[in-house]
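Peer 1: This is the structure I want to talk about, given as structure tokens.
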Amino acid sequence: MGSLLALLSSALWGAADFFGGKLSKKYAPIVVLGMTQAIGLLFGITLVLLSGELFGSNPPNAFGDGGYFFAGAIAGVMGYIGLICLYAGLSTGRMGVVSPISALSAVIPLTVALVSGEVLTRNQGIGVVIALAGAFCASGPELSQGLSPKPILLALGAAAGFGTALTFMSIGSESSALMTMVMMRATTFIFTIALVIKFRNVGKFEKSEIPVLVFIGVSDFLANLLLGAATNFGLVSLVMVLGSLYPVVTALMAFKFLNERLHRVQYVGIALAVAGVALISAS
């Protein structure tokens with residue numbers, strides 16, 4: 001069950017990144033981010049109200065061990081830092097350097113989970129290594145060009161931000177995956193509003209683009225929610241690796257809908273990701 005939820009999370013993240021990337025070529029990334037974060041927050045609040053989780057007779061733990069409040073807030077801040085580093089890195093024009101390195105963010109929660117006592121079988125361990133290699137290669141790394149320090153450092157910052165966010169997201173999900181995601185979105189929304197006010201850029205989206213924004217916001221929220229829920233059904237180490245395979249989905253969608261040519265290394269990455277998933281699922 002946990003593996004399935006994590007893979008669904010990857011699919012939603014990959015699709016959200018695809019459409020978000022398209023809109024970010026037309027509008028400032030901070031504007032796209034602000035709109036989608038706001039939509040995600042509204043969607044999350046709606047789920048909370050419909051589920052009655054927060055107002056029931058046994059509300060989830062907010063501040064104790066595994067509480068969602070601080071874990072969600074920290075995850076939101078670190079995830080936002082990761083996004084800032086990612087967009088700054090992509091603006092250098094070295095997507096083939098930044099995207100693959102940032103896709104390795106799952107190494108952080110994987111390491112934390114293993115240090116905390118989780119034990120993988122031999123096949124699971126091999127599957128994890130193969131899947132991570134697949135996510136890296138599917139992002140289309142530029143292996144033949146010289147590397148300058150700036151995009152590498154920004155990519156490492158993105159990976160560290162996302163990885164730390166995933167770690168605290170799994171902690172908060174011990175109490176409530178839904179409330180942890182709402183806290184994450186509330187935190188990132190506040191940051192985005194502050195930046196929008198500072199730069200005075202709110203964007204002017206066309207009516208035809210509103211459904212795309214809604215899809216991105218809802219998909220991103222659901223991806224986080226599913227991954228958080230998945231940590232309660234399986235090993236955190238495996239769930240986080242399976243949830244990091246979104247570059248495969250983004251690459252395939254770009255190939256299908258934008259007629260972008262996949263490089264040989266991306267085909268290798270997709271094959272490795274599938275093989276890694278098969279090994280993990282069969283264990």
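Peer 1: Can you give the longest stretch of the chain with no exposed loop site, where a site means chymotrypsin sites (Phe, Trp or Tyr not before Pro) in a DSSP loop (not H, G, I, E or B) with at most 11 other C-beta atoms within 10 Å?
Peer 2: After excluding every exposed loop site, the longest remaining stretch is 64-283.
Peer 1: Toward the positive end of the charge dipole of the stretch 1-129, about the Cα centre and with charges on Cβ (Lys, Arg +1; Asp, Glu -1), which of 47, 77, 16 goes farthest?
Peer 2: Looking along the dipole axis, the top candidate is 16.
Peer 1: Now for a separate question. Normalising by the residue count of the chain, find the relative contact order in percent from Cα pairs under 8 Å and 6+ residues apart.
Peer 2: 41 percent
Peer 1: Helix-derived [θ] at 222 nm for the chain: sum -39500 (n - 2.57) over DSSP H runs of at least 4, divide by residue count, nearest 500?
Peer 2: Estimated from H runs of four or more residues: -25000 deg cm²/dmol.
Peer 1: Take the chain, connect every pair of alpha-carbon atoms lying under 10 Å apart with a spring to form a Gaussian network, then pick out the residue of 64, 172, 44 with the largest mean-square fluctuation.
Peer 2: Looking only at 64, 172, 44, the largest GNM fluctuation is found for 64.
Peer 1: Over the chain, how many pairs of lysines fall under 27 Å by alpha carbon, counting only those 8 or more apart in sequence or from different chains?
Peer 2: 18
Peer 1: Exposed loop trypsin sites (Lys or Arg not before Pro) only (DSSP loop, at most 13 other Cβ atoms within 10 Å): please give the longest stretch of the chain free of them, not including the sites.
Peer 2: Value returned for the longest uninterrupted segment is 27-199.
Peer 1: Moving to a separate point now. So I have [x] 1, 5, 11, 15, 16, 14, 12, 8, 6, 5, 3, 2, 1, 0, 0, 0; [y] 1, 6, 12, 18, 20, 17, 13, 8, 3, 1, 0, 0; [z] 1, 5, 9, 11, 12, 13, 13, 11, 9, 7, 5, 2, 1, 1, 0, 0, 0, and one of them is P(r) over Cα pairs in 5 Å bins from 0, in percent calculated from this model. Which one is it?
Peer 2: [y]
Peer 1: Let me know the charge dipole size of the stretch 2-282 about its Cα centre in debye, to the nearest 20, where only the beta-carbon of Lys, Arg (+1) and Asp, Glu (-1) is charged.
Peer 2: Charge dipole, the stretch 2-282, about its Cα centre: 860 debye, nearest 20.
Since every read-out is calculated from the coordinates, none of them should be taken as a lab result. Predicted model, so just to flag it, every value in this text is computed and none were measured. Cβ sites come from the backbone with ideal geometry, for glycine too, and all protein chains shown count toward neighbours.
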